[in-house]
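Take a look at the structure set out below.
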Amino acid sequence: MNYPITPDGRYMVVKGRLWRVSNPNLSDSAREAYVKQLMDARRDVKAAKATEDDVRMSAARQAVNEAKVALGERGPVWWQDGAKDYNRYLVKNTPYHEWFQQLE
């Protein structure tokens, strides 16, 4: 699936909501390693749901979060210009609203 990426490259828009993209400054090898960790953690979440194992679920969700932080999708922003983070905001409530309307 192709989602629109904001002109500054910081977010993609999914169902009208901004989601921070991975840090483009990561090396290919680092990105691949973090994505592998994320996919492994997501599989662990699925397995924990299937077995209703709350302890495993907690650990798996923590691992998902850690991988997303390492990728730059959560946690501190990866850009350096001091701009506000609009991660998970509805695009209509952000400065990207006009840009997004022009896409439609």
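Within the stretch 61-81, one or more residues are closer than 30 Å to N93 by Cα and touching an Asp or Glu at 6+ places or on another chain (Cβ under 7 Å). For the stretch 31-76, the set of residues classified as surrounded by fewer than 16 Cβ atoms within 10 Å (Cβ to Cβ), under 14 Å from V21 (Cα atoms) and among the aliphatic types (A, V, I, L, M) consists of V35, V69, listed by residue number.
A short reminder: the numbers here are calculations on the coordinates, not readings from a lab. Everything numeric in this text was worked out from a predicted model, so none of it was measured. Using ideal geometry, Cβ is built from the backbone for each residue, glycine included, and neighbour counts are taken over all protein chains shown.
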